[in-house]
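The values are calculated or read from the model by the stated rules, or taken from the named source; none is laboratory data. These numbers were taken from a predicted model, which means no experiment stands behind them. Using ideal geometry, Cβ is built from the backbone for each residue, glycine included, and neighbour counts are taken over all protein chains shown. SASA here: full protein model, heavy atoms, side chains in, ligands and nucleic acids out. Shrake-Rupley method; radii C 1.70, N 1.55, O 1.52, S 1.80 Å.
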Amino acid sequence: MTGRRLLLLDTATETVAVGLALVESTGRVEVLSDVSRVAPRKANTVLLSWVLDALNEAGCALADIDGVAVGRGPGSFTGVRIGVATAKGIAHGLGVALWGTSTLDAIAWRIAIEGREGVLGVVGDAMRGELYPALFELADGTARRLSPDRVASPQEVAHEWAANGGVTILAGNGIAKHAAVFAQAVPSALVAPEESWHPDATGLAAAWIADRRARGWGSGDPATVLPVYTRLSDAEEAERERAGLPRVPPPSNGVAGGAGPPAFTLRELRRADVDAVVAIETVSFSDPWTEGMFADDLAAPGRAWIVAECGGEVVGYAGVAMIGDEAHLLNLAVREDHRREGIGRALFARASEEAARMGAERLTLECRKSNTAAIALYESMGMVRAGVRPGYYARTGEDAVIYWGRAGVSGIEARAGSASLTGDARYLLAIETSCDETAAAVVTTAGELVASVVASQVDFHARFGGVVPELASRKHTEAIVGVVDEALRRAGEAAGAPGPLPFCALDAIAVTYGPGLVGALVVGLAYAKGLSLATGVPLVGVNHLEGHIFANVLADPEVAPPLVALVVSGGHTSLVHVPDWGVYRTLGETLDDAAGEAFDKVAKVLGLGYPGGPVLSRMAADGDPAAIDFPRAMLRSGDYAFSLSGLKTAVINHIRHEREAGREIDVPDLAASFQAAIVEVQVAKAVRAVEETGVKTFCLGGGVAANPALREALKQAMEPLGVHVSVPPIHLCTDNAAMIAAAALPRLARGELLGIDAEAVPGLRLDSE
Ligand code: KG4
Ligand code: ZN
């Protein structure tokens, strides 16, 4: 056996570590190439070309990669997320397993392999004057971890290590800023040379194989690999501090109150598990095995039975039997409430590995024709449909589909889309992570929307009264693979494919690269770039605002330039002249707050929660828009600029004034009057823009386009002028990836592609391209 090739990545420190290793079946690891170099804040631009360099140097092609290991930190949050999101994209696209490995472990192993012995203290730079400390015992070229991940002050760490007395070597990029503290506290410790403060391919490969020995292969599911955060976002830490609560380490997804992917473990099935297994079996199958059948089979030779355990409960199981020199998958089921968590995949991978261990080269199974979830799983694991056994299931008379595949398909392989599509439609997958929605959508290249998935994080931000950027980035990293998978699954269903839409059916992958929150944009972009590289599908970059305009095209394909668009969202208020697709002239923007922001801030003052637009517009429907005379800023300014902070202040002052006077605030009247002030200015400027440019089409876009009063007023003002007013349906107004897909199609047609070195542009302007 030639072994498996593992791609190694780490971007948690200033070093971008990339290499390729050969993992032999004996567990011996040989590093084939290592192109790791210092590249501060360059991870997103250099990572993929360095992956190609590492492959080149090793004499390998992308298709030779059998698995990916990525450093999970702890380190720079954004840095780690670039590596993790890129690795997710590569593994997802290649259909191979992804594992996370500790960056600090990789550093320790690197130093151990260099031949040092003793107690090593590694300190990663945690910024803001803090460190990520970890202790290791180095002996005979190995590193053993002595302390868990955490964040602490340099004084605390130095003091602790001085007291414990045994630290003989120090390393890590946290030393640079705090050398004096350690020199004083542990003067006898040797500081390792600076080159070894960062992970490299050797360290990553060694840490990875040590993890596999200690923890097994796991599911290898790219969806489940997350950064190590060690602390909550600042917003959450501040919230705890205000509440007088102690600092706590975050849960695995880094977000308090938001459960991460549930952890499960695999182990051998025992007699005591049979009751739980029978309970799942009975509700899962029409011809279930009985307790007696399980008991007999457990005692039979040439069997391997595995259970998945979650929170101390058995939630799934699988069994394989050797028949001659072939393995048969007997049963595989996951409890209803734990489906779609990667458990079925992990069980299958383990069963297949057990089959290989018992000497099988091939594995077969039968599956109900109607069990589409199981069929999708087996096909994604490389099993091939070999025929149908008519009426195989006695009770229902249903046909069984027979599958054959190679035994030993551990989590390291498979997932390649093998669905066969009928028809010759081509597709585009779009990804959007610019703010607080993780979204993916699929359209045909003819512009038909076939799937749109939006995972909203609004509940996580609501209690802070607005979007917390760090939280948004964490949630995107957690959700991205699942959201894309779900979009591909729905697209496959819509296309009549037996499984998810395969990547080979895509003509392009589109991604929002600006404007937006930089840390949030980076996650979608890094993932999309990795996916594009791995699948060979070209990448198209989309401007988020262009997406909001294109929501109109999705709803009404007749919409075409020349047109004027008003994009009004939580981040933008822009009037744009579009003489032709791809040509944008911003006529005017807000000088201060965006329209949605004004709604959100007023709602916050009134204690109406976040986001404010929907609540305020509902309340406004019952109020009198003429009740309070709020200022119409810039109404007669003679240009297309907007200013909303004055209005916001006027509303807040009004509220304060009324409260001080002991009068009760009529919220519907206030909401209606505030809304009227916004709408009047927007409409007046929009009408002027339409008249001056002479266009006959007007488009509205962005979250505030969901506002009924604004929609109605625009129609009333423009239709008498013979101007067609297009407003997208509500679900296409707020952030989604369908609009990004629609905006990407003309860019694809013009051949405008993003390179693998593309960066997120948080301040991206429509006119700049
Ligand atoms: O486009 P979007 O989903 O995200 C950004 O790109 O900002 O817009 C969200 C904004 C929020 O400020 C929200 O309050 C506002 O759109 N919004 C509304 C309404 N529905 C959402 N504003 C006014 N009236 C509405 N009905
Ligand atoms: Zn938006």
*In whole Å, what is the distance between the alpha-carbon centres of region 539-557 and region 17-36?*
43
*Per residue solvent-accessible surface (Å²) - region 416-534, probe of 1.4 Å*: 29
*How do M358, M739 stack up against each other in accessible area, from largest to smallest, with a 1.4 angstrom probe?*
M358, M739
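Report relative contact order for the chain in percent, whole number only (criteria: Cα-Cα under 8 Å, sequence separation at least 6). Kindly include the intermediate steps, with their values, before the conclusion.
Values: 1819 pairs, mean separation 86.0, N = 769.
In percent, rounded to a whole number, it is 11.
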_Using 0.36 nm times the number of residues separating A243 and A560, minus their current alpha carbon distance, what extension gain do you get?_
108.8 nm
_Starting from 0.36 nm per residue, how many nanometres of slack lie between S286 and R395 once their C-alpha separation is accounted for?_
38.6 nm
*Based on the mean of other beta carbon atoms within 10 Å per residue, what is the order of 163-174, 53-64, most packed first?*
163-174, 53-64
*Where does each of R489, R267 land when they are ordered by accessible area, with a 1.4 Å probe and the largest first?*
R489, R267
*What whole number of Å gives the distance from the Cα centroid of region 681-724 to the Cα centroid of region 334-378?*
55
_Rounded tilt (10° steps) of 469-494 against the dominant C-alpha axis of the chain_ = 80
_Report the gain in length on full extension from L753 to E194: 0.36 nm times residue separation, minus Cα-Cα distance, nm rounded to one decimal._
197.3 nm
*Which one of P729, N653, T693 has its Cα pushed farthest toward the positive end of the charge dipole of region 634-769, where Lys and Arg give +1 and Asp and Glu give -1 at the Cβ?*
T693
*Hey, what angle do you get for helix 645-660 against the long axis of the chain, alpha-carbon based, 0 to 90 degrees rounded to 10?*
80
*asked:* Not counting ligands, DNA or RNA, and with a 1.4 Å probe, what is C310's accessible surface area in Å² rounded to the nearest 10?
replied: 20
*Return the sequence-ordered ³J(HN,Hα) values of region 364-370 in whole Hz as given by the Karplus equation 6.51 cos²θ - 1.76 cosθ + 1.60 applied to θ = phi - 60°, using x for Gly and Pro.*
10, 7, 10, 8, 4, 4, 8
*asked:* At 1.4 Å probe size, put T78, T364, T372 in order of accessible surface, largest to smallest.
replied: T372, T78, T364
*Between region 725-769 and region 179-236, what's the alpha-carbon centroid distance in Å?*
37
*Would you calculate the separation in nanometres between label points at L298 and A272, each defined as 7 Å from the Cα along the Cα-to-beta-carbon direction?*
1.1
_If I histogram all Cα-Cα distances within the chain using bins 10 Å wide from 0, what percent of pairs lands in each bin?_
3, 13, 20, 22, 19, 14, 7, 2, 0
*Tell me, what is the 1.4 Å probe accessible area of I175, in Å² to the nearest 10?*
10
*Could you work out how far helix 708-718 tilts from the main Cα principal axis of the chain, as a 0 to 90 degree angle to the nearest 10?*
50
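Given a 1.4 Å probe, how much area per residue of region 1-83 is accessible, in Å²?
37
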*Normalised by the number of residues in region 224-293, what is the relative contact order in percent for Cα pairs under 8 Å and 6+ residues apart?*
23
*Any idea which of V320, G344, G387 is furthest toward the positive side of the dipole for the chain, if Lys and Arg beta-carbons carry +1 and Asp and Glu beta-carbons -1?*
V320
*Kirkwood hydrodynamic radius of region 176-259, Cα pairs, Å*: 16.9
*Phi-based couplings in Hz for region 296-303 (Karplus 6.51, -1.76, 1.60; Gly and Pro marked x)*: 5, 5, 4, 7, 6, x, x, 10
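Just the number, please: carbon plus sulfur as a percent of the accessible area of region 663-707, 1.4 Å probe, no ligands or DNA/RNA counted.
Carbon and sulfur together cover 50 percent of it.
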